[in-house]
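Peer 1: Next up is a structure, given as structure tokens.
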Amino acid sequence: ALHRGEITLKTKRGQSFRAETFMGIMRWEVLNRLKASHSELKVHNTYGYLTKHARIENGIAKSHGADAFCIAGNLGAERLGEFFFQKQTRRNNRQIHKLSILKGALRKRNQAPFEVKGFRLFDKVACQGEEGFIFGRRSSGFFDVRKLDGTRISAGISCKKLHLLEKRQTYLIEIRKEEAFPPLPEGRGLRA
């Protein structure tokens, strides 16, 4: 009756678990390939409850960096206080032309010029004493510069005030400071 259109349901489709399914299948393949390619190293699987236990035992607050530190297993090591943050970016904007065709059967390009004044999209630049990435380019030579977390350094800065640090890559890398290692809430931490 639903497919014939005789009744309608007031339900919505639930959340997709596609990413979880993918990880459930792929994690074993990744683990087996690591074991095969690095037989001289001790490669093994771990679980979240073990990481959490190690974190609580050593009085380390929850963060991605803290979890990686606990998984590494060398809990006596001194932490650096900074980490590398990576973000994958697209190579192309796939829509080459706009959908509406102009008079005379002309198709207008949907893409900005590939390179403007020697700068490309996602180039790493020095801007106002900070390192950032070009997230928007204009043919006039003004650029939108941001950090990888989306913090805007400048919405429109001239190319004359920018200094190229590194050409774009598929993986953009930014060094971030880890917040001062906050203590765990009362009642949690090192056991006597």
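Peer 1: List pairs: first residue in the stretch 69-82 and assigned by the TED database to the domain that holds HIS53 and closer than 14 Å to ILE56 by Cα, second residue among the small types (Gly, Ala, Ser) and open to solvent by less than 80 Å² (accessible area, probe 1.4 Å) anywhere in the structure, Cβ distance under 6 angstrom, at least six positions apart or on different chains.
Peer 2: CYS70/ALA54
Peer 1: Further question on the same structure: Go through the residues of the stretch 27-36 one by one and say whether even a single one is open to solvent by less than 90 Å² (accessible area, probe 1.4 Å), out of contact with any helix residue (DSSP H, G or I) (no Cβ under 6 Å at 6 or more places or on another chain), over 20 Å from ILE71 (Cβ atoms) and part of a helix (DSSP H, G or I).
Peer 2: yes
Peer 1: So, in the stretch 73-90, of the ones that are exposed (fewer than 10 other Cβ atoms within 10 Å of the Cβ) and out of contact with any strand residue (DSSP E or B) (no Cβ under 6 Å at 6 or more places or on another chain), which residue ends up farthest from LYS167 (Cα to Cα)?
Peer 2: GLY76
Peer 1: Among the residues of the stretch 112-130, how many are touching a residue at least 12 places away in the same chain (Cβ under 8 Å) and open to solvent by 60 Å² or more (accessible area, probe 1.4 Å)?
Peer 2: 5
Quick grid of which residues meet (1) polar (S, T, N, Q); (2) outside the structural domain of CYS70 (by the TED database); (3) at pLDDT below 90:
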{"residue": "THR89", "(1), (2), (3)": "yes, yes, yes"}
{"residue": "ASN92", "(1), (2), (3)": "yes, yes, yes"}
{"residue": "ARG120", "(1), (2), (3)": "no, yes, yes"}
{"residue": "GLY132", "(1), (2), (3)": "no, yes, no"}
{"residue": "ARG146", "(1), (2), (3)": "no, yes, no"}
{"residue": "PRO182", "(1), (2), (3)": "no, yes, yes"}
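Peer 1: Name the residue that is nearest to the chain's Cα centre (by Cα), counting only residues in the stretch 44-62 that are closer than 28 Å to ARG33 by Cα and of a type in the set (Gly, Ala, Ser).
Peer 2: GLY48
Peer 1: Report every pair of residues separated by at least 6 positions or lying on different chains whose Cβ atoms are under 9 Å apart, first residue within the stretch 131-155 and on the phi > 0 side of the Ramachandran plot, second open to solvent by less than 40 Å² (accessible area, probe 1.4 Å) and part of a strand (DSSP E or B).
Peer 2: GLY141/VAL116; GLY141/PHE119; GLY141/SER158
Peer 1: Another question about this same structure. Anything in the stretch 37-70 that is open to solvent by 90 Å² or more (accessible area, probe 1.4 Å) and part of a helix (DSSP H, G or I)? List them, or say none.
Peer 2: Answer for the stretch 37-70, where residues must be open to solvent by 90 Å² or more (accessible area, probe 1.4 Å) and part of a helix (DSSP H, G or I): TYR49, LYS52, HIS53, HIS64.
Peer 1: Exactly one of (1) within 30 Å of LEU41 (Cβ to Cβ); (2) crowded, with 16+ Cβ neighbours inside 10 Å; (3) more than 17 Å from the chain's Cα centre (by Cα) is unmet by PHE143. Its number?
Peer 2: Every listed condition holds for PHE143 apart from (1).
The values are calculated or read from the model by the stated rules, or taken from the named source; none is laboratory data. Just so you know, these numbers come straight off a predicted model, no measurement behind them. Virtual Cβ from ideal backbone geometry, glycine too; neighbours counted across all protein chains shown. These area figures cover heavy atoms from the full protein model, side chains too; ligands, DNA and RNA do not enter into them. Shrake-Rupley method; radii C 1.70, N 1.55, O 1.52, S 1.80 Å.
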